[in-house]
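Student: Have a look at this one.
The values are calculated or read from the model by the stated rules, or taken from the named source; none is laboratory data. In this text the structure is predicted, and so the values were computed from the model without any measurement. Every residue, glycine as well, gets a Cβ built from its backbone with ideal geometry; the counts of neighbours run over all protein chains shown.
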Amino acid sequence: MVLLGFSPLLIASLIVNFVSSRSLIKIVSMKSIVGVSVISNYMCCCEPRIDYAEVLKKLNVEGYVTNGVWQQICKTKTEVTLNPDTAGPGLAVNVDDSLVKFTGEREAEWPSVLGRKVFTSGRHYWEVEVGEKGYWAVGVSTHPGEKIIPEKPEEGYWLVRLSARGRKYEAVGKSLVTHPPPSLQERQSPLPLTLKHKLYKVGMYLNYGKGELSFYNVCDADNRYAMHTFKYNFTEVVYPVFSPGCHDKAPLKITRFDSTSSPFRITI
């Protein structure tokens, strides 16, 4: 290539790109990958003849963690049910406490209900089906007496929500500490989220001792994508919290790992 007039700098660049492309192909071909973060933006500077963004799209990969790590998360599956005594105005909770929907007159933007199970330690994973709803909020709270999630929550809420008629995903919480970029680490709520896959089911993984709450877009049994992770030094009782919003009648449905749902009871 030197004899053909190519500069040493160009040759070095081609070699680096070639090595990088082989490394990427090796990474995305691993059978043990599950997407958790966007990496295509950092890889597309390699071999120009390969469209890495398209490769990642076809593989449903936005990042990766090993199957072993995900299996450890799944071992923490927790049976979460709703506590109808904590339901906000206009909410209906079904008789096995696995579904909640708004059936009343609009009085508050985010009427909510807490989970019956509370967390003070350990690791816990649960899922909520949001379906085609245009408004919802899920996460955890340290406020046992509040039946309405504030539009701009104070300390003690860690949530992901969908609003604006299904057009705006947000991470919401006053203690909003995120993964890089560092410029966002001091930002107050809400934090806009950009998802590459439509969200029908939300997975939540609480590692109380480590101080992390992670939200996953659960596409199917084999594909889950991380949306956001809160970091906080939990010291209080933590309650799962759910709001179906007040703009549509479709329910939020907690995944029951060993049972099905039943008809509704109405809570005013």
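Student: Please identify the pairs in which a residue from the range 94-118 that is surrounded by 18 or more Cβ atoms within 10 Å (Cβ to Cβ) has its Cβ atom under 6 Å from the Cβ atom of a residue that is at pLDDT 95 or above and among the charged types (D, E, K, R), counting only partners at least 6 apart or on another chain.
Tutor: L99/K253
Student: Further question on the same structure: Please go through the range 80-93 and pick out each residue that is within 17 Å of V238 (Cα to Cα), in contact (Cβ under 8 Å) with a residue 60 or more places away in the chain, assigned to a loop (DSSP other than H, G, I, E, B) and of a type outside the set (A, V, I, L, M, F, W, C).
Tutor: The answer is T81, and nothing else.
Student: What is the residue count in the range 130-152 for residues that are closer than 19 Å to A250 by Cβ and either modelled with pLDDT under 95 or outside any strand (DSSP E or B) (or both)?
Tutor: Of the residues in the range 130-152, 7 are closer than 19 Å to A250 by Cβ and either modelled with pLDDT under 95 or outside any strand (DSSP E or B) (or both).
Student: Also: Does T229 qualify as being modelled with pLDDT of 85 or more and loosely packed, with under 12 Cβ neighbours inside 10 Å?
Tutor: Criteria not met by T229.
Student: Would you say V100 is modelled with pLDDT of 90 or more and assigned to a strand (DSSP E or B)?
Tutor: When the stated conditions are applied, V100 passes them.
Student: Criterion first (part of a strand (DSSP E or B), in contact with a Gly (Cβ under 6 Å, 6 or more places away or on another chain) and in the same structural domain as K253 (by TED's automatic domain parsing)) does E127 satisfy it?
Tutor: yes
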